[in-house]
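First comes the structure, then the notes that go with it.
The values are calculated or read from the model by the stated rules, or taken from the named source; none is laboratory data. Since the model is a prediction, treat every value here as computed from it, not as a measurement. No Cβ is skipped: glycine too gets one built from the backbone with ideal geometry, and neighbour counts run over all protein chains shown.
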Amino acid sequence: MTYPVIVLCIAFTITTFLIVRVVPIFGEIFNDFGAKLPAPTQFLIDLSNFIRGEWYLLLLGIGGAIFGTRAFLRSKRGKQWSDRWKLKLAVLGPLAHKIAMSRFARTFAQLTRSGVPILEVLDIVGGTAGNYVIEKSIKSVSEDVEKGDNLSVALSKKPIFPPMLLRMVAAGEATGKIDTMLEKMDDFWDEEIEAMLDALTSLIEPLLIVFLGLVVGGIVISMFLPIFKLNEVVSQSKQS
């Protein structure tokens, strides 16, 4: 995320400079013109006047929004809400799910190989899941295993666990090599995660360039709209 963060910071700096320093200059010129300004131009001028005159309110609003959001996400209810939505996002949801499943398979395999009892393994894995939905599902699986269900059967009751994992666990139970099967799943998911991250990285760069162009280009075009109108007025006055 280093590259997109740097680009967003540059975009924010350029946009702030244009609104605070450049837009007021055009605003004074347009006031002398005395005509009604196009809506985009008037919006930028009003925004510039607000930022320059009421900047402290803007800072307080941004600071309050950041503080309130962080406080909500750190609460139990906020964490549960955010963890649910992380898995429902269009692109990042599948990525977060694969990362959680890879962590589940890796930790489960290592603990099982070390001879830790399966109920303790499930308890530890649930605590390291990093997601409320997955942690809750693992806790339910632990309860079913404690009642006598096989691990594969208990996992199959929760849709959060993919079918491939269920088949590998069932094969591991049949051969007595659950740790080996889960390590293979971990390697498989790691490769998929790396491929998804590479694809996202290659996609972020053009999207950020387009975003930066739209922001800066939109400001420039909005500032030049009245100038185009001014040329029309001058040409009309010369003809009369």
Next on the checklist: If I go through the stretch 62-86 residue by residue, how many of them are polar (S, T, N, Q), modelled with pLDDT of 85 or more and within 10 Å of Asn131 (Cα to Cα)?
Outcome noted: 1
Next on the checklist: Being more than 34 Å from the chain's Cα centre (by Cα) and either in a helix (DSSP H, G or I) or under 16 Å from Met101 (Cα atoms) (or both) is the filter here; which residues of the stretch 154-177 pass it?
Outcome noted: Ala170, Ala171, Gly172, Glu173, Ala174, Thr175
Item to check | Sole residue being within 20 Å of the chain's Cα centre (by Cα) and free of Cβ contacts under 8 Å to residues at least 40 places away in the same chain, chosen from Phe67, Phe50 | outcome: Phe67
Item to check | Count - residues of the stretch 168-203 that are more than 19 Å from Leu155 (Cβ to Cβ), among the β-branched types (Val, Ile, Thr) and surrounded by 15 or more Cβ atoms within 10 Å (Cβ to Cβ) | outcome: 1
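For the stretch 4-110, which fully contained helices (runs of 4 or more DSSP H) count at least 1 residues that are of a type in the set (Lys, Arg) and farther than 21 Å from Pro159 by Cα?
Working: elements: 23-33, 39-53, 55-74, 76-86.
Passing ranges, in order: 39-53, 55-74, 76-86.
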Item to check | Filter result (under 19 Å from Leu214 (Cα atoms) and either at pLDDT below 80 or surrounded by 11 or more Cβ atoms within 10 Å (Cβ to Cβ) (or both)) within the stretch 1-16 | outcome: Tyr3, Pro4, Ile6, Val7, Leu8, Ile10, Ala11, Phe12, Ile14, Thr15, Thr16
Next on the checklist: I want to confirm something. Restricting to the stretch 187-211 and keeping residues that are modelled with pLDDT under 90 and charged (D, E, K, R), which single residue is farthest from Tyr3 (Cα to Cα)?
Outcome noted: Asp198
Checklist entry - If you go through the stretch 36-84, how many residues are exposed (fewer than 12 other Cβ atoms within 10 Å of the Cβ) and among the aromatic types (Phe, Trp, Tyr)? => result 3
Checklist entry - Hey, does the stretch 8-23 have a residue that's touching a helix residue (DSSP H, G or I) at 6+ places or on another chain (Cβ under 6 Å) and free of Cβ contacts under 8 Å to residues at least 24 places away in the same chain? => result no
Checklist outcome for this item: Within the stretch 111-153, the count of residues that are in a helix (DSSP H, G or I) and either in contact (Cβ under 8 Å) with a residue 60 or more places away in the chain or among the β-branched types (Val, Ile, Thr) (or both) comes to 12
